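The values are calculated or read from the model by the stated rules, or taken from the named source; none is laboratory data. Because the structure is predicted, anything quoted here is derived from the model rather than measured. For neighbour counting, all protein chains shown are included, and Cβ atoms are generated from backbone atoms with ideal geometry for every residue, glycine included. Only protein heavy atoms, including side chains, enter the accessible area calculation; ligands, DNA and RNA are left aside. Shrake-Rupley method; radii C 1.70, N 1.55, O 1.52, S 1.80 Å.
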Amino acid sequence: MTLREQFLKHVGQTSPSPLMIEVERAEGVFFHSPDGRRYYDLIAGVGVNNVGHGNTAVIEAVQQQAAEYMHVMVYGETVERPQVRYAARIAELLPEGLDSVYFLNSGSEAVEGALKLAKRATGRTELVSMRGSYHGSTQGSMSVMGGEEYRRAFRPLLPDTRLLDYNDFDALRHITARTAAVIAEPVQSEGGVRLPVAGYLEALRERCTEVGAMLVFDEIQTAFGRTGTMFGLERTGVVPDIVCLAKALGGGMPLGGFVASRETMSLLSSDPPLGHITTFGGHPVCCAAGLAALEYTLEHDLPARAEPIGALYESLLSSHRAVQEVRRAGALMAIELGSREKMLAAVQGLLARGVLSDWFLFCDTAFRISPPLTITDAQVADSAEIITEVLDSL
């Protein structure tokens, strides 16, 4: 039985049509298959590999930490240097008041923890989220997902949830004294890169403060330089009560987390104690990798690279007859083609030409470009030429 046959037989599948590309190695902005083919990775593992594949700083950190110790005790009981150093470094970079990090394994878990914390802090039950948002696939995070297509088969989910339209100022009146938390993205990623209109996030913050609801920012795709600032919240200066992180947080290793004030976070440790627990959250090897990736990001000022990367792609692609619009925040981009058929043809055509792109869960008319922030201008131009040739055939 071939490896691909074993993959289909023994590995749980997420769709009836996986890519089926066998990965042999990856470096920089490329991954390679055993047959000698090279692929541009223009989605960076869906926002994970901001510092590029095979980053030596990350690899060395993983090797060193694995040699020292891996799992010792469930999270929060022993003092483990990589966890502590990474939490302190994140707190230094976030606005004042976001100074306590709870590490977990994934973005879904980060959202779950944030929603629980908001309920605990407010004593309320209503959870408000935005249409077109994706926050994870566990039952709590799925309950605040912004589309019914992926939820209906798994109901009943959490009760007392409400969806609002992103950028709808009038809808903010539905956030009331019953609301425990509003979860929103600084830029809607799976909605097809939808940016907040001027003043919207400020109005959302004001409304949450007015009624005593917790504002949660899902920065799982927007943090660590992707949108041109270290965190997406810096684009407007709006400071939430809780921030959810994952994807690039681990530098290629599985890691998630949510951040709040020390006072708020402490509510999970009493009445009852162990209000939120995890075995592998904040694994020392994952934290060592994440910290190394963060320091590399800062040392090479990768947030400052995001805007030139995005601007260059936009300049090379936006005038093509097949492109209706380029929506972007830094190097998080949606290339709008106007139809699902054209989008699928483009994604499949790109893959055949050695370029990995993808579509969005809640926007099936655009394809994604969000490469590692280490991509060079020459690589942008080369990959954009391939994209143009594929678009020519539409």
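Contact map, the stretch 111-123: residues that are among the basic types (Lys, Arg) and buried (at least 24 other Cβ atoms within 10 Å of the Cβ) paired with residues that are assigned to a helix (DSSP H, G or I) and modelled with pLDDT of 95 or more, Cβ distance under 8 Å, separation 6+ or inter-chain. No pairs are found. Total residues in the stretch 174-198 satisfying the condition of being touching a residue at least 24 places away in the same chain (Cβ under 8 Å) and farther than 15 Å from GLY123 by Cα: the figure is 17.
Under the condition of being modelled with pLDDT of 95 or more and under 21 Å from the mean Cα position of the chain (by Cα), the residues counted in the stretch 13-26 number 1. Can you say whether ARG262 is surrounded by fewer than 24 Cβ atoms within 10 Å (Cβ to Cβ), under 17 Å from the mean Cα position of the chain (by Cα) and among the basic types (Lys, Arg), as far as the supplied structure shows? Criteria not met by ARG262.
Determine whether the stretch 170-187 contains at least one residue that is at positive phi, part of a loop (DSSP other than H, G, I, E, B) and touching a strand residue (DSSP E or B) at 6+ places or on another chain (Cβ under 8 Å). Checked against the condition, which is being at positive phi, part of a loop (DSSP other than H, G, I, E, B) and touching a strand residue (DSSP E or B) at 6+ places or on another chain (Cβ under 8 Å), the stretch 170-187 yields no hits at all.
Checked against the criterion of being closer than 15 Å to CYS287 by Cβ and within 19 Å of the chain's Cα centre (by Cα), the candidates ALA66, ALA57, ALA61, ALA87 yield just one match: ALA87.
Scanning the stretch 222-236 for residues that are in contact with a Leu (Cβ under 9 Å, 6 or more places away or on another chain) and either without any contact (Cβ under 8 Å) to a residue 60 or more places away in the chain or hydroxyl-bearing (Ser, Thr, Tyr) (or both) yields a total of 4.
Take TYR166 and tell me if it is aromatic (Phe, Trp, Tyr), open to solvent by 50 Å² or more (accessible area, probe 1.4 Å) and touching a residue at least 24 places away in the same chain (Cβ under 8 Å).
Details: aromatic (Phe, Trp, Tyr): yes; open to solvent by 50 Å² or more (accessible area, probe 1.4 Å): no; touching a residue at least 24 places away in the same chain (Cβ under 8 Å): yes.
Taking the combined requirement at face value, the residue does not satisfy it.
Scanning the stretch 347-366 for residues that are touching a Phe, Trp or Tyr at 6+ places or on another chain (Cβ under 7 Å) and assigned to a helix (DSSP H, G or I) turns up just one, VAL347. Might you let me know whether the stretch 227-236 holds any residue that is touching a strand residue (DSSP E or B) at 6+ places or on another chain (Cβ under 7 Å), at pLDDT 95 or above and β-branched (Val, Ile, Thr)? Checking the stretch 227-236: at least one residue is touching a strand residue (DSSP E or B) at 6+ places or on another chain (Cβ under 7 Å), at pLDDT 95 or above and β-branched (Val, Ile, Thr).
Please verify whether GLY12 is in a loop (DSSP other than H, G, I, E, B), under 26 Å from PRO303 (Cβ atoms) and among the small types (Gly, Ala, Ser), treating the condition exactly as stated. For GLY12, the condition - in a loop (DSSP other than H, G, I, E, B), under 26 Å from PRO303 (Cβ atoms) and among the small types (Gly, Ala, Ser) - is not met.
Of all the residues in the stretch 320-357, those that are buried (at least 17 other Cβ atoms within 10 Å of the Cβ) and among the charged types (D, E, K, R) number 4.
Among residues of the stretch 48-62 that are at positive phi, none has a Cβ under 6 angstrom from a residue that is in a helix (DSSP H, G or I) at a sequence gap of 6+ or on a separate chain.
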